[in-house]
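Down below is the structure, laid out as structure tokens.
The values are calculated or read from the model by the stated rules, or taken from the named source; none is laboratory data. Quick caveat: nothing in here was measured; it's all calculated off a predicted structure. Positions of Cβ are generated from backbone atoms using ideal geometry, with glycine treated the same way; all protein chains shown enter the neighbour counts.
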Amino acid sequence: MDTINRPKQSLAFINDKSPILDSICNDLSGSGFEILFRAETIEDAITQLAALKSLPEVCIIDLDFYDKNVLVGLQELRKKYPGVRFIAHSDIDNEKVGKALLDIGFSSCLLVGSDADDFKRAIDKIVNG
């Protein structure tokens with residue numbers, strides 16, 4: 001049994017329309033993760049990040065990764081907040097999109113169908129190595 005009191009891992013969500021990711025967010029919150037904010041756009045996320053005293057360890061993002069404007073916005077987000085790790089959640093299983101996300105600095109991509117346990121494993125691997 002793990003008796004060490006660990007601080008909650010902090011998360012943020014940028015999700016334009018996925019009810020699946022909303023459900024995963026709720027599951028992670030109920031599992032002891034601290035949800036710092038939820039945003040629907042990159043611009044809203046940048047505003048919310050700027051207002052925080054401490055940044056989230058991981059930002060889980062589900063947007064239209066085919067949209068070049070979204071990719072440009074994510075590059076801006078990465079430049080402003082290089083210490084925040086990104087996980088993509090997408091239904092796009094496309095090598096070109098995957099490469100673009102890796103080039104931006106995403107740590108992981110989980111496809112639709114991944115559950116809260118998959119996210120917990122990805123977050124743990126990213127945060128704790």
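Couple of notes before you dig in:
- Count of the range 48-104 residues which are of a type in the set (G, A, S), farther than 20 Å from G129 by Cα and touching a helix residue (DSSP H, G or I) at 6+ places or on another chain (Cβ under 7 Å): 2
Here is a yes/no grid of residues against (1) among the charged types (D, E, K, R); (2) within 18 Å of F106 (Cα to Cα):
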site: A12; (1), (2): no, yes
site: L21; (1), (2): no, yes
site: Q48; (1), (2): no, no
site: V58; (1), (2): no, yes
site: I61; (1), (2): no, yes
site: K68; (1), (2): yes, yes
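- Number of the exception - I87 against (1) closer than 20 Å to I126 by Cα; (2) surrounded by fewer than 12 Cβ atoms within 10 Å (Cβ to Cβ): (2)
- Within the range 79-127, the residues that satisfy the criterion of being in contact (Cβ under 8 Å) with a residue 60 or more places away in the chain and aliphatic (A, V, I, L, M) are V84, V112, A116, I123, I126, V127.
- Of residues in the range 30-42 being of a type outside the set (A, V, I, L, M), farther than 21 Å from G73 by Cα and not in a loop (DSSP other than H, G, I, E, B), the one nearest to the chain's Cα centre (by Cα): E34
- Single residue of A45, A50 found to be within 15 Å of the chain's Cα centre (by Cα) and either modelled with pLDDT of 95 or more or surrounded by fewer than 19 Cβ atoms within 10 Å (Cβ to Cβ) (or both): A45
- Here S54 fulfils each of the conditions (1) farther than 21 Å from G105 by Cβ; (2) free of Cβ contacts under 8 Å to residues at least 60 places away in the same chain apart from (1).
- Residues of the range 57-69 classified as surrounded by 18 or more Cβ atoms within 10 Å (Cβ to Cβ) and without any contact (Cβ under 8 Å) to a residue 60 or more places away in the chain, total: 6
- Test: residue in the range 17-26 that is at pLDDT 95 or above, in a loop (DSSP other than H, G, I, E, B) and over 23 Å from G129 (Cβ atoms): no
- Residue in the range 100-108 that is within 23 Å of Q9 (Cβ to Cβ), more than 10 Å from the chain's Cα centre (by Cα) and among the aromatic types (F, W, Y) present: no
- Evaluation of F65 against the conditions (1) more than 13 Å from the chain's Cα centre (by Cα); (2) within 17 Å of D124 (Cβ to Cβ); (3) not in a helix (DSSP H, G or I) shows that the sole unmet condition is (2).
- The number of residues in the range 75-129 being of a type in the set (A, V, I, L, M, F, W, C), more than 19 Å from S54 (Cα to Cα) and part of a helix (DSSP H, G or I) comes to 8.
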